1. For B:E364 and A:A382, FRET efficiency with R0 = 30 Å and r from the beta-carbon atoms, rounded to 0.05?
2. Looking only at other chains, what is the average number of their beta-carbon atoms within 10 angstrom of each beta-carbon in B:348-360?
3. Place a point 7 Å from Cα of B:L213 in the direction of its Cβ. Which residues in the stretch B:169-183 have their backbone N less than 12 Å from it?
4. What's the carbon and sulfur percent of the protein assembly as shown's accessible surface, probe 1.4 angstrom, rounded to a whole number?
5. In the structure shown, do any of A:K25/A:K193; A:K193/B:K371; A:K42/A:K100; A:K111/A:K151; B:K42/B:K150; A:K25/A:K56 have a Cα-Cα gap over 22 Å, and if so which?
6. Give the percent of DSSP beta bridges with both residues in chain A that are antiparallel, rounded to the nearest 5.
7. Which FRET efficiency value, to the nearest 0.05, do you get for A:E81 and B:S350 by plugging their Cβ-Cβ distance into 1/(1 + (r/R0)^6) with R0 = 45 Å?
8. What are the extents of the Cα atoms of the stretch A:216-266 along their three principal axes, listed from largest to smallest and rounded to whole Å?
Protein chains: 2
Amino acid sequence: MSGVSEGLDVLLARSSLEDEDQIFKYLYGKRLPKLEFSAEAKELAEKENFELTGYKFEVSNEQLRRPRVVRVAGIQNQIVEATDAPISTQRDSLHQRVGKMIEAAALAGAKIIGLQEAWTMPFAFCTRERLPWTEFAELAENGVTTQFLKKLAAELGVVIISPILERDDKDDVIWNTAVVISHTGNVIGKTRKNHIPRVGDFNESTYYMESELGHPVFETAFGRVGINICYGRHHPQNWLMYALNGAEIIFNPSATVDGLSEALWPIEARNAAIANHVFTVAINRVGTEVFPNEFTSGNGKPAHRDFGHFYGSSFIAGPDGSRTPGASRVREGVIIAEIDLNLNRQTKDSWGFKMTQRLALYGEKFSEAAKADYKPQIIKEA
Amino acid sequence: MSGVSEGLDVLLARSSLEDEDQIFKYLYGKRLPKLEFSAEAKELAEKENFELTGYKFEVSNEQLRRPRVVRVAGIQNQIVEATDAPISTQRDSLHQRVGKMIEAAALAGAKIIGLQEAWTMPFAFCTRERLPWTEFAELAENGVTTQFLKKLAAELGVVIISPILERDDKDDVIWNTAVVISHTGNVIGKTRKNHIPRVGDFNESTYYMESELGHPVFETAFGRVGINICYGRHHPQNWLMYALNGAEIIFNPSATVDGLSEALWPIEARNAAIANHVFTVAINRVGTEVFPNEFTSGNGKPAHRDFGHFYGSSFIAGPDGSRTPGASRVREGVIIAEIDLNLNRQTKDSWGFKMTQRLALYGEKFSEAAKADYKPQIIKEA
């Protein structure tokens, strides 16, 4: 990865810091203790050459509720085969690769495992080409990827959140979808991306439309999960709706490159955890993907065949404002957090944002402001 | 300030950092160039012993719009007199002190100057006592503080945002209010706090009620300004409504202490700048305020007479995700940013959050979710 910065955490680790604990408190709210994993988990990660890290969030004991401790994981990975390899080869290689990472996450105790956006394919929407990329689309309910994961989920006893390119069986329409697979191997349901970017190389709005499935939350054996796909993280109201529907953990499977969103990345999912008294799991893919045909980026620069470095840096944020350090900026990895879902309500009771949010007022105001004849409330000097 | 940490920026400045520029890019989006100020401004700051810092945000040139460059300031200060001094002495000393800071901000070129929450008084709501603290309340339109600032604003040709404890002349009711004073010396209008905390020592909901004045935005000679007072920063929908009403800069005058909100502080106002394509100015008071009578904090700890260290750390964030370093964590200070308001639309066009925000959908969903019989959209395994 010569030429690509390894990111904040590596640079800080190499620095000589004045009062390291205080610095990490300011950066991450708390310096969360690291998790220890089984030799088996560590060996698999080492053998397969991906990072495996984990942290534990702090929580207070309660007398009447038992702890609801669960380990959650985010997996960030590169593509395996070149983008001009046969589609089935590209996809199968990702199944195998990410399958190993899921296995390591499970060995490390994770019970809810989130994958990155459109994980079975390169992020080919930058190309604006249809074939072969649309061939990666498959049925959510029983496409080849879902079949693969159902088996794995049942074997390992884990919930898997699988964001894929979906082709529906009604109109042949393409969607950006996340499938939620139970630890029993059943599909609990699916959700689709609510906000589609029309930004730079993210030519996604020409591939799929905004979801009309709402903001479903999935009740798993280990907690209630919402999935805010990628660009939806820029919309605080999207996170809020998942929380209003009862999400305890909101995953944000993403694909975003340096030079574009990196200043926003550590802010948005963490703000969402704070504002909504939930845990959030921000997952970004990693690496650079090179495409067969050159394309332009609407920025006056020469045509090229890649659109930048996916900077990984996946992290997990808690309702109390604390967060884990980021996963590697350059390597594949599994990042795990041991969380007690009771922390959500403890923080909710303490900070009270839910009680003070004046939701009816905002429902009314947003509806007014959405109308074409809305008159903004502007006060001028008399 | 022995025993109180000087904060992230001081600790980093004292550290030996590996690739400092990269670290600051990850922390602050960009390493913004520092502003140079006149000798007169610097001398005043030095003489009066407060920090004076400033940064310049980057923007692209446009052909058809002229730059709309303005310097904005946030002022963080301590109380001057002890809290058992006569009310008028406490208030007048703050007028004189903050008057000097406003003067320095103006000498440094600031045209819109924001003060901290309830700047004319100690943050006495922790005590739960009425007298003498309610005596600090005054009329927004022509109370003694507004009279003082009207003169100063006209003399210096600056807009001043003055958050005070307001006593209305209709019902004698108390409000948490910000008065906006034009550079001509006229009052443009006032706004009130929309979300009142019921948290820890912030016993504010027993002093004043939630505003019913909406989310007014004030058209000043230098830009359109919204004011999101303190705890309103925890509510993304509050920031959004100011932006929908046309705010270009949203001030967040605050009063918040360490151990409580510090993990959230760098996140929320910055997230709001990003999500809404606006500049935000986050202002926190600084120092420790000791009260005549002891009080308890609902945390099982012994009674005491202060409720912690106000950690300053005021900063200014831009729509592109970049932000200034924080003002001092322990000293009084004026922090200034030179901004071009054109950056808001440039970022809006680039990122497109406004176009993709689906406001009508959320208006409807929030209204539904606010009803007592709302059924959350939860999907269970079949």
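The values are calculated or read from the model by the stated rules, or taken from the named source; none is laboratory data. Model, not experiment: these values are computed from the prediction. A quick note on method: Cβ atoms are made from the backbone with ideal geometry, for glycine too, and the neighbour counts reach across all protein chains shown. Ligands, DNA and RNA are excluded from the accessible area calculation, which covers all protein heavy atoms including side chains. Shrake-Rupley method; radii C 1.70, N 1.55, O 1.52, S 1.80 Å.
1. 0.25
2. Details: counts 0, 1, 3, 9, 8, 7, 0, 2, 12, 8, 10, 10, 5.
Partner-chain Cβ atoms within 10 Å, mean over residues of B:348-360: 6.
3. So the set is B:169, B:175-181.
4. On the way: 13350 of 28170 Å².
Taking all protein chains in place, the protein assembly as shown shows 47 percent carbon and sulfur surface.
5. Beyond 22 Å: A:K25/A:K193; A:K193/B:K371; B:K42/B:K150.
6. Close to 60 percent.
7. The value I calculate is 0.85.
8. Computed over the Cα atoms, the extents are 38, 21, 15 Å.
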